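For reference, the structure is listed below as structure tokens.
The values are calculated or read from the model by the stated rules, or taken from the named source; none is laboratory data. Quantities reported herein were computed from a predicted structural model and do not represent experimental measurements. Heads up, the Cβs are rebuilt from the backbone with ideal geometry, glycines too, and the neighbour counts pull from every protein chain shown.
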Amino acid sequence: MDELNKEEHFVLSNMNRDVLDERHLNQLVSYIPVGAMLIDNEGFIIHANAEMEATLGYTNKELKNNTVEHLLPTEFRENHHNLMSRFFADPKKRRMGAGQELYALRKDGKKIPIEIGLNPINTNGTSWVLITLIDISPRIKANLMFQQSINASPHGVLIIDAEGEIKFTNPSLTKSFGYRKSELIGKKVEMLLPERYRNNHLNLRQTYINAPTKRVMGIGRDLTALHKNGKEFPVEIGLSPIEDGETTGMVLVTLTDITERKRMEMDLKETNTNLEEFTYVASHDLRSPLRGIADLLEWVKEDLEPDPAESITRNIDRIAIRIKRMEQLIDNLLRYARAGKAITKTKDININQMFDDVLELVQPPSGFTLERRIDLKQLVCVATPLETILRNLISNAIKHHDREEGRILIKCKAENNMCHFSVSDDGPGIPESAMGRIFKLFQTVSSADRQGSGIGLSVSRRLAETHGGRVSVELNSPQKGVTFHVWWPRFIRTDTHD
């Protein structure tokens with residue numbers, strides 16, 4: 001009315017009051033931000049707003065004075081007149097078909113899922129109904145995508161209500177517990193817990209419902225769930241509150257069966273324990289008798305005549321050499337055992353300076369030339385194990401060369417999240433038959449290479465893998481020699497540096 005001038009106001013005020021009311025109602029319908037239309041008690045459409053036109057594909061002119069039944073799919077039209085008569089007999093503001101799937105028919109013949117609200121209006125003895133209509137296709141599509149994502153999840157998923165009743169579950173969860181979906185829906189979540197936890201869980205669940213947050217359940221505790229067969233299995237559980245606008249207290253529970261991980265952790269722990277025990281035995285129980293044998297050998301030498309037979313001297317020397325080899329073997333075993341423990345202290349290193357330090361210890365013979373192609377200048381990492389690996393590779397390239405002159409090429413570059421080192425030589429190479437075993441403990445390339453301990457490459461690989469890297473080797477084809485590759489993490493990671 002504010003937009004009308006005085007003359008228009010006078011005219012309207014003397015018009016039929018029903019006409020004025022209808023105009024106001026039409027304006028009201030036009031302002032509603034969702035699809036809306038006004039119908040009379042015979043089901044004829046009086047007015048529809050622009051949102052309704054967009055939803056159904058009709059213009060207001062096409063809708064006006066038409067019956068609402070033609071907006072329904074054919075299968076719903078026959079019963080609609082009876083439903084409308086019952087509504088006008090006792091008109092109340094309500095949602096239509098609560099709990100049912102409702103559809104509307106667009107002008108193009110497509111059925112769309114909808115929600116409908118009914119609002120009775122009485123003015124001057126005339127009855128109308130304001131109908132609000134919402135196309136819920138996007139919501140259904142989103143729900144479908146949500147369900148498909150959960151069903152495809154490799155982790156078990158439950159949705160429970162405030163009373164702990166299971167409302168939804170996915171295939172991964174039913175597989176973990178051995179139940180069918182129908183055996184879980186509608187049941188209390190406590191059925192999935194060992195008996196001894198159930199009473200306390202009721203209190204814990206209620207405490208969570210009162211103050212829901214997204215979190216991991218039972219941090220630091222050994223959580224187990226109960227399989228249908230009565231056996232318990234270790235799990236990790238995440239909790240997330242769900243708000244859908246209509247219900248409260250819904251919780252999304254993610255559950256992961258960590259049986260295999262626990263077995264691997266136990267196996268690894270047992271292996272490490274055995275290795276530590278072996279390390280102790282090797283460093284104490286084996287080294288002590290060797291020292292005793294060496295002492296006895298010295299006493300034997302002292303008891304010999306001043307000029308013993310050559311065969312006796314030779315055999316004593318052979319025994320001494322074998323004692324030293326045994327001591328070296330023990331030292332190598334200890335080095336290999338320690339290589340499995342990650343060093344966590346990092347520092348910023350200059351890669352060229354690191355190679356300077358390595359070559360100062362290796363000291364290549366005068367006949368060897370070393371070329372560097374260092375593209376990555378700086379690296380934050382644990383320096384000692386990386387230096388050890390590169391020193392082993394460069395030392396091997398020199399020691400196992402078949403000539404007094406040789407060339408070694410060292411490269412370093414950034415490669416995604418790794419630093420890629422390579423050490424290439426022009427030596428005799430490695431037989432293809434030996435490529436698969438050179439990184440194994442106490443393995444040498446050939447029987448003629450017995451002076452080597454067969455420990456360097458195995459330690460190098462163990463050091464690399466312990467610190468999140470890897471080592472590999474390939475033949476230089478068609479050139480002579482081999483190239484060893486080392487990939488080392490460029491960035492600090494929690495799984496290898498904590």
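I'd like to know if the stretch 73-83 contains one or more residues that are free of Cβ contacts under 8 Å to residues at least 60 places away in the same chain, within 17 Å of residue 38 (Cβ to Cβ) and touching a Gly at 6+ places or on another chain (Cβ under 8 Å). Scanning the stretch 73-83 turns up no residue that is free of Cβ contacts under 8 Å to residues at least 60 places away in the same chain, within 17 Å of residue 38 (Cβ to Cβ) and touching a Gly at 6+ places or on another chain (Cβ under 8 Å).
Here residue 408 clears all of (1) at pLDDT 80 or above; (2) surrounded by fewer than 19 Cβ atoms within 10 Å (Cβ to Cβ) except the condition numbered (2).
Restricting attention to the stretch 262-303, report how many residues are in contact (Cβ under 8 Å) with a residue 12 or more places away in the chain and of a type outside the set (Asp, Glu).
So the count comes out to 15.
Restricting the stretch 104-120 to residues that are closer than 13 Å to residue 72 by Cβ and hydrophobic (A, V, I, L, M, F, W, C), the residue that is farthest from the chain's Cα centre (by Cα) is 105. Taking the numbered list (1) within 30 Å of residue 24 (Cα to Cα); (2) surrounded by 15 or more Cβ atoms within 10 Å (Cβ to Cβ) in turn, residue 179 passes all entries but (1).
Among residues of the stretch 372-391 being in a helix (DSSP H, G or I) and in contact with a Phe, Trp or Tyr (Cβ under 7 Å, 6 or more places away or on another chain), the one that is modelled with the lowest pLDDT is 386. Exactly one residue out of 279, 248, 254 is modelled with pLDDT under 75 and either under 27 Å from the mean Cα position of the chain (by Cα) or part of a loop (DSSP other than H, G, I, E, B) (or both): that is 248.
The helices (runs of 4 or more DSSP H) found wholly in the stretch 158-235 and carrying at least 3 residues that are more than 23 Å from residue 261 (Cα to Cα), free of Cβ contacts under 8 Å to residues at least 12 places away in the same chain and out of contact with any Asp or Glu (no Cβ under 7 Å at 6 or more places or on another chain) occupy 195-210. Residues in the stretch 357-371 that are among the acidic types (Asp, Glu) and in a helix (DSSP H, G or I): 357, 360. Could you please find all residues in the stretch 66-90 being modelled with pLDDT of 85 or more and in a loop (DSSP other than H, G, I, E, B)? Those that are modelled with pLDDT of 85 or more and in a loop (DSSP other than H, G, I, E, B): 66, 72, 73. Only one entry of 309, 225 meets the criterion of being among the small types (Gly, Ala, Ser) and over 29 Å from residue 149 (Cα atoms), and that entry is 309.
Does residue 342 satisfy the criteria of being touching a Gly at 6+ places or on another chain (Cβ under 8 Å) and either surrounded by fewer than 17 Cβ atoms within 10 Å (Cβ to Cβ) or at pLDDT 90 or above (or both)?
no
If the condition is being surrounded by fewer than 19 Cβ atoms within 10 Å (Cβ to Cβ) and polar (S, T, N, Q), then the stretch 159-176 contributes only 174.
Cβ separations smaller than 7 Å between residues 6+ apart or across chains give no pair from the stretch 31-45 residues that are over 17 Å from residue 84 (Cβ atoms) to residues that are basic (Lys, Arg) and not in a loop (DSSP other than H, G, I, E, B).
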